[in-house]
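The values are calculated or read from the model by the stated rules, or taken from the named source; none is laboratory data. Because the structure is predicted, anything quoted here is derived from the model rather than measured. Because the Cβ atoms are built from the backbone with ideal geometry, glycine has one as well, and the counts that use them run over all protein chains shown. Note: areas computed on protein heavy atoms with side chains; ligands, DNA, RNA excluded. Shrake-Rupley method; radii C 1.70, N 1.55, O 1.52, S 1.80 Å.
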Amino acid sequence: MRALFPSDWQADAPYEDRDLGVLKAGKESEVHLVARTGATRTCLMAEKRFKPRLQRAFRNDYLYAGVWGEGSRRESRAIRKRSRFGQEAIEARWMGHEWETLVRLHAAGVTVPPPVERTPDGYRMAFIGDGERAAPRLADVDLDLVTARQVWRMLQTEIRRMLEAELVHGDLSAFNVLWWRGRPVIIDFSQAVDAIVHPAARELLIRDVDRTAAYFRRLGVAIDPGAALAVVGDSDSRFARQVLSS
Ligand SMILES: Nc1ncnc2c1ncn2[C@@H]1O[C@H](COP(=O)(O)OP(=O)(O)O)[C@@H](O)[C@H]1O
Ligand SMILES: [Mg+2]
């Protein structure tokens, strides 16, 4: 399938960035629209900014604590004890985690906004939309039945590709998929987990498939959950093999 963005979509350096305002403000983050103008063109970026610590509640802490690679012993101990230093450490890992997940998924060919760069409080990626409007979320779109069937198939392929990249999205639903030019574009990787080592990976994969399927079922698509899980690459034997061979 054709790439969502040409490889040279970004404005060349030297460039100037201009914040065009908030696209969406959420509990834990804000997404800004930023225009980057270089010598020959302007490109549009979405910048996700995480709110400062203590202004936001940490959801599902257990998903993060201690599973994101190697921190220092002091860090791990602080995270376990939920100290302020620990909270900062979780936050730093969380922001880095979302960015690194985006980079990995993009490299694996999953349809995501192309990553641009990290910032002190978040990261930048391609803006999905154009000068007129932002891409709507799938949840805000009513697809006709024929299109809905096609998009459900596309999304199963995307989930499969994520799993092959050893990642489970963890918060997938029609709210974290943008709909643009006939393509579903997956966003929001704050809850992504390692498919192989995370103890809840399989449970999260099943939930991702369930929640995403719910949107398509509402539109009249007939869905067999077991078959869908097989299509995305889940089977006990596959998981067992992966765990054994890792
Ligand atoms: N790359 C993007 N292009 C266009 N809109 C985006 C992009 N990333 C996020 N958004 C908008 O911002 C909203 C919030 O982003 P998301 O990553 O889902 O954060 P949250 O953690 O608040 O759910 C999305 O629902 C979407 O409307
Ligand atoms: Mg979201």
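Of all residues in region 126-156, count the ones that are open to solvent by 70 Å² or more (accessible area, probe 1.4 Å), under 20 Å from SER173 (Cβ atoms) and either at pLDDT below 95 or part of a strand (DSSP E or B) (or both). It would help to see each step written out before you state the result.
Initially, region 126-156 is screened for residues open to solvent by 70 Å² or more (accessible area, probe 1.4 Å), giving 131-133, 137, 140, 142, 144, 146, 149-150, 153.
Filter once more, so that each one left must be under 20 Å from SER173 (Cβ atoms): 137, 140, 142, 149-150, 153.
Those left that are additionally either at pLDDT below 95 or part of a strand (DSSP E or B) (or both): 137.
Qualifying residue count for the region: 1.
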Can you name the number of the only condition in (1) over 23 Å from VAL168 (Cα atoms); (2) at pLDDT 95 or above that ARG84 fails? (2)
Do you know which of the residues in region 185-219 that are among the acidic types (Asp, Glu) and closer than 17 Å to ALA165 by Cβ is farthest from ligand 1 (Cβ to nearest atom)? ASP194
If a residue must be open to solvent by less than 50 Å² (accessible area, probe 1.4 Å), more than 18 Å from the chain's Cα centre (by Cα), at pLDDT 95 or above and among the small types (Gly, Ala, Ser), how many such residues does region 204-227 contain? 2
Say we look at region 175-184 and pick out the residues that are near ligand 1 (Cβ under 8 Å from one of its atoms) and crowded, with 21+ Cβ neighbours inside 10 Å; which of these is nearest to PHE5 (Cα to Cα)? LEU178
Give me a count of the residues in region 143-187 that are within 11 Å of ligand 2 (Cβ to nearest atom) and of a type in the set (Asp, Glu). 1
